[in-house]
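> Please see the structure below; I have some questions.
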Amino acid sequence: MNNKIIDLVGKERWERRPNFPLRAVVTSGMPYGNKEMHFAHAALTLRADTFARFMRDRIGNENVIFVSGTDCFGSTATETYRKLKESGNCAFNNIKQFVEHNHKLQKQTMQDYEISHNFFGASALEPMFSNHKKVSEYFVKTLLDAKMLSKRSSLQFFDPKLKTLLNGRQVIGKCPIEGCPGEKGYADECDMGHQYSPVDLIDPVSALSGEKPELVKVENLYFDLDKCTDEMWTWLSSIEKRGDTAPFMFKEIKEFLKKPEIYVKRELVAKINSLDLPPFEIVDKNGPSVNLVFEKLSDRETACEILTENLVRYRTGKTLVPFRLTGNDSWGVPCPEIDGIKDQTFYVWPESLWAPISETITYLKSVGKPEDEWKKFWCSTDARVFQFIGEDNLSFYGPAQQAIWLHMQGTNPKFPAPDGQLQNTTIVPIKHLLFMNKKASSSGQFKAPMAKEFLNYYTPEQLRMHFLGMNVTNNNVSFLPKPLNPDATPEEVDIVLKEGNLLTNVYNRILRTVFYTMQKEIGGKIPNIEASDEVKKECANAVLNYEKFMFDLKLHQVVNTVDVFVRNINKFWVKNYAEASSKEEKEQLIANTLQYIVIANILLHPMSPNGTEKVAEYLKLDKSKHFSWNHIFDNIYDILKDKNDNQIIFLKEKEDFFKKHPSQLAALEEK
């Protein structure tokens, strides 16, 4: 069959098909354990789920692992739990019960959105916690042997009124990074993911007492990320050449690979020149500020101290800084004693980077695989890891994670990593998903509804199609659900339904039309007739377009490809049905249309699994063949469960394969 298809589409085009890995891990960013599932997090996870489902169809179910979980640890959870206890409305005896409650809510929302994780765990809960603790120890000890860890005395905020050290979210100020649009800065990172030294935070306030905190020295372990600039340029150049990553990712990460900078107001240059600062170069970009560029991070840190002592206001630029691995938050993964540092826990960001490995191990052990099976997915050149994240986290999953992965090889790492070593992952970032044209976030002032609330107005399939159709690969996009828009007029179209209508209206209509015609005119039997070459060629071209867009991770283009293809099925039927007068002509038309439907059903399967599987059941197709790309160009007769049974399941009047939400049906009845 493939030889026929190659002839139809052309050998040159066939040979340009992308090469998929033999095995794949798909991960989606972990939601914090302090709340239910935020709608933007659900939208991100839907994209990961769609890609994971596609990869299962494309390379085999057993070769794909889709993991995520609740990010239980860190100051976000502890601070939320503290406030809840202070409110007097806390129903939990401890923070573990609190995050376990939220984990269960998140897991249920995932299931309600038809998200198909192989494993959705929780970093603080079994069965994942024991594996995660072991993996965390493996990372820190390996990095120690690679001579990439340092013991540093860093500054940490201390509340003098309450006599206590403050964790990251217990200090609120303004981000010191030049040009940062974030609403809040915390102890050493802002709500946009920028990292900085605590001494640079502008106007810090203790969230516990409302007082200005002091800075005291505390010893922690750090990964020497500041030594990895050249390696990260090599990594970034390699993926830039590959061409499957959003341009904004390169721009964002390149900012972190610049030399250390300080921004000061132009009118302060004379005062700066009078100070005994380490060597620097002034770069004047004709703005209100000038850049002081330093060769070494240590020189910039010294300059910051001198500027602070002399009451000179400044902001720092993005650059690679040592990446903190440990802290003194009691709610965390315990870190083994290293170089005299003991009784500490891992800082939440590094342990959340390797958490997907812990999730993979936990899943594989649950299905009876050996202890080191995870390496076939994370350490093999035949495998690839796809990580779907929000753009706020690019500094962590970009330079920090990729450098850690590289130095897990030892003292002389090679790029690209040789087989058997941790492979650099494929980052799939998305821009901000707005709500009603406003940025909605957990930490921002504007709070959007939780993900589960939208299921009161839309089906999972409608939401999946809409979120997938958004071009968040390149742009910030606003989610504008009409039922929650107080300014919407009754006659206004609900744009959230646009992509979903492809299923509930267009595809559903042609399916019903063909089924009813088969039942009425040819006894409800699938005709044993080959589709025409013209139809096969059009189907093959759609498959190849779709496959390339999936490989390039351009999911909005995938949706557009399927939209055009499905609408053309309707046009094809309407055009040819009126001209088919004999039984033979009608059987040929049905055979051609069924060939279109078989392909459409495969392409839609990752987006709308339940509806497409119902179509397969009514056509009595062998699902293991129908949805496998190993059989994507087979004739319909070759993928029947039983070639001796070509009788479709009877479709009742007004039976739908893709249903509208009950609230939408009620609105239609009122009209």
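The values are calculated or read from the model by the stated rules, or taken from the named source; none is laboratory data. Predicted model only: the values in this text are computed from it and were never measured. Here the Cβ positions follow ideal geometry from the backbone for every residue, glycine too, while neighbour counts run over all protein chains shown.
> Considering each residue of the range 55-78, count those that are under 15 Å from the mean Cα position of the chain (by Cα) and over 19 Å from GLU36 (Cβ atoms), and give that number.
Number satisfying all stated conditions: 3.
For (1) assigned to a loop (DSSP other than H, G, I, E, B); (2) of a type outside the set (Phe, Trp, Tyr); (3) in contact with a helix residue (DSSP H, G or I) (Cβ under 9 Å, 6 or more places away or on another chain), each residue gets a yes or a no:
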{"position": "ASN424", "(1), (2), (3)": "yes, yes, yes"}
{"position": "VAL428", "(1), (2), (3)": "no, yes, yes"}
{"position": "GLU453", "(1), (2), (3)": "no, yes, yes"}
{"position": "PRO483", "(1), (2), (3)": "no, yes, yes"}
{"position": "GLU492", "(1), (2), (3)": "yes, yes, yes"}
{"position": "LEU502", "(1), (2), (3)": "no, yes, yes"}
{"position": "TYR507", "(1), (2), (3)": "no, no, yes"}
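> Looking only at the range 160-194, filter to residues that are among the hydrophobic types (A, V, I, L, M, F, W, C) and under 24 Å from VAL290 (Cα atoms); which one of those is surrounded by the fewest Cβ atoms within 10 Å (Cβ to Cβ)? Working first, answer last.
So in the range 160-194, the residues among the hydrophobic types (A, V, I, L, M, F, W, C) come out as 162, 165-166, 171-172, 175, 177, 180, 187, 190, 192.
Add one more test, that the residue is under 24 Å from VAL290 (Cα atoms), and what stays is 175, 177, 180, 190, 192.
Working: CYS175: 24, ILE177: 21, CYS180: 18, CYS190: 23, MET192: 21.
Taking the candidates together, the pick is CYS180.
> Then there's this: Of (1) under 30 Å from GLY340 (Cβ atoms); (2) crowded, with 19+ Cβ neighbours inside 10 Å, PHE280 satisfies all except one. Which?
Here PHE280 clears every test but (1).
> Going residue by residue through the range 31-40, is there one that turns out to be closer than 26 Å to LYS623 by Cβ and either assigned by TED's automatic domain parsing to the domain that holds LYS439 or in a helix (DSSP H, G or I) (or both)?
Within the range 31-40, the first condition is being closer than 26 Å to LYS623 by Cβ, and the residues that meet it are none.
The answer is no, given that none of the residues of the range 31-40 is closer than 26 Å to LYS623 by Cβ and either assigned by TED's automatic domain parsing to the domain that holds LYS439 or in a helix (DSSP H, G or I) (or both).
> While we're looking at this one, here's another question. Quick check on this structure: which one of LEU307, LEU311 is part of a loop (DSSP other than H, G, I, E, B), more than 29 Å from the chain's Cα centre (by Cα) and not assigned by TED's automatic domain parsing to the domain that holds THR142?
Details: LEU307 fails: part of a loop (DSSP other than H, G, I, E, B).
Sole residue among the options that is part of a loop (DSSP other than H, G, I, E, B), more than 29 Å from the chain's Cα centre (by Cα) and not assigned by TED's automatic domain parsing to the domain that holds THR142: LEU311.
> Determine, yes or no, whether GLU491 is without any contact (Cβ under 8 Å) to a residue 24 or more places away in the chain and more than 24 Å from GLU613 (Cβ to Cβ).
Yes, satisfied.
> Would you check which residues across the range 181-206 are modelled with pLDDT of 85 or more and over 28 Å from the mean Cα position of the chain (by Cα) and list them?
Result: LEU201, ILE202, ASP203, PRO204, VAL205, SER206.
> Right, another one. For a quick check of your reading of the model, give me the residue pairs whose first member lies in the range 131-142 and is in the same structural domain as PRO356 (by TED's automatic domain parsing), whose second is among the charged types (D, E, K, R), with beta-carbon atoms closer than 6 Å and at least 6 apart or on different chains.
SER136/GLU351
> If only one of ALA578, ALA540 is assigned by TED's automatic domain parsing to the domain that holds LYS643 and touching a helix residue (DSSP H, G or I) at 6+ places or on another chain (Cβ under 8 Å), which one is it?
On inspection, the qualifying residue turns out to be ALA540.
> Suppose we keep only residues that are charged (D, E, K, R) and under 19 Å from LEU603 (Cα atoms) within the range 1-58. Which one would you say is surrounded by the fewest Cβ atoms within 10 Å (Cβ to Cβ)?
ARG17
> If I filter the range 650-662 down to residues being part of a loop (DSSP other than H, G, I, E, B) and exposed (fewer than 13 other Cβ atoms within 10 Å of the Cβ), which single residue comes out as nearest to the chain's Cα centre (by Cα)? Steps first, please.
At the first step, the residues of the range 650-662 found to be part of a loop (DSSP other than H, G, I, E, B) are 650-661.
Applying the additional criterion that residues be exposed (fewer than 13 other Cβ atoms within 10 Å of the Cβ) yields 650, 652-654.
Values: PHE650: 40, LYS652: 40, GLU653: 41, LYS654: 38 Å.
So the residue we want is LYS654.
> I would also like to ask the following. Within the range 186-242, track down each residue that is among the polar types (S, T, N, Q) and part of a loop (DSSP other than H, G, I, E, B).
SER197, SER209
> Search the range 126-180 for residues being under 15 Å from THR326 (Cβ atoms) and assigned to a loop (DSSP other than H, G, I, E, B), and hand back the single one that is modelled with the lowest pLDDT.
ASN167
> Yes or no: the range 404-419 includes at least one residue that is assigned to a loop (DSSP other than H, G, I, E, B) and touching a Pro at 6+ places or on another chain (Cβ under 6 Å).
no
> Confirm whether GLU295 is in the same structural domain as ASP230 (by TED's automatic domain parsing), crowded, with 18+ Cβ neighbours inside 10 Å, among the charged types (D, E, K, R) and closer than 21 Å to LEU225 by Cβ.
no
> Find the residue count for the range 613-647, including only residues that are touching a residue at least 12 places away in the same chain (Cβ under 8 Å) and assigned to a loop (DSSP other than H, G, I, E, B).
Final tally of qualifying residues: 13.
> Does GLY33 meet the test of being among the small types (Gly, Ala, Ser), modelled with pLDDT under 95 and more than 19 Å from HIS631 (Cα to Cα)?
No.
> Additional query: I need every pair where a residue in the range 403-418 that is in contact (Cβ under 8 Å) with a residue 40 or more places away in the chain has its Cβ under 9 Å from the Cβ of a residue that is among the aromatic types (Phe, Trp, Tyr) and assigned to a loop (DSSP other than H, G, I, E, B), sequence separation at least 6 or different chains.
ILE404/TRP354; LEU406/PHE415
> If you don't mind, there's one more thing I want to ask. Would it be correct to say that VAL264 is of a type outside the set (Ser, Thr, Tyr), surrounded by 17 or more Cβ atoms within 10 Å (Cβ to Cβ) and outside the structural domain of LEU143 (by TED's automatic domain parsing)?
On the way: of a type outside the set (Ser, Thr, Tyr): yes; surrounded by 17 or more Cβ atoms within 10 Å (Cβ to Cβ): yes; outside the structural domain of LEU143 (by TED's automatic domain parsing): yes.
Here the answer is yes, as VAL264 does meet what is asked.
Each row is one residue, and each column tells you yes or no for (1) among the aromatic types (Phe, Trp, Tyr); (2) farther than 30 Å from TYR458 by Cα; (3) touching a strand residue (DSSP E or B) at 6+ places or on another chain (Cβ under 6 Å).
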position: GLY88; (1), (2), (3): no, yes, no
position: ALA91; (1), (2), (3): no, yes, no
position: ASN94; (1), (2), (3): no, yes, no
position: PHE98; (1), (2), (3): yes, no, no
position: HIS101; (1), (2), (3): no, no, no
position: GLN111; (1), (2), (3): no, no, no
position: PHE129; (1), (2), (3): yes, yes, no
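> Among the residues of the range 10-29, is there at least one that is of a type in the set (Val, Ile, Thr), touching a Ser or Thr at 6+ places or on another chain (Cβ under 7 Å) and assigned to a helix (DSSP H, G or I)? Break it down stepwise before answering.
First, pick out the residues of the range 10-29 that are of a type in the set (Val, Ile, Thr): 25-27.
Okay, now just the ones that are also touching a Ser or Thr at 6+ places or on another chain (Cβ under 7 Å), so 25, 27.
With assigned to a helix (DSSP H, G or I) added as a condition, the list becomes none.
Taking every residue of the range 10-29 in turn, none turns out to be of a type in the set (Val, Ile, Thr), touching a Ser or Thr at 6+ places or on another chain (Cβ under 7 Å) and assigned to a helix (DSSP H, G or I).
> Same structure, new question: Output yes when any residue across the range 47-67 is part of a helix (DSSP H, G or I) and β-branched (Val, Ile, Thr), and no when none is.
Among the residues of the range 47-67, at least one is part of a helix (DSSP H, G or I) and β-branched (Val, Ile, Thr), which makes the answer yes.
> Which pairs have Cβ atoms under 7 Å, sit 6 or more apart or on different chains, and link a residue in the range 593-605 that is closer than 18 Å to THR50 by Cβ to one that is basic (Lys, Arg) and assigned to a helix (DSSP H, G or I)?
HIS605/ARG53
> Of everything in the range 336-348 that's among the hydrophobic types (A, V, I, L, M, F, W, C) and crowded, with 24+ Cβ neighbours inside 10 Å, which residue is modelled with the highest pLDDT?
PHE346
> A follow-up question, please. Could you list, in sequence order, the residues of the range 241-258 that are in contact with a helix residue (DSSP H, G or I) (Cβ under 8 Å, 6 or more places away or on another chain) and closer than 18 Å to LYS318 by Cβ?
Within the range 241-258, PHE248, MET249, PHE250, GLU252, ILE253, LYS254, PHE256, LEU257 meet the criteria.
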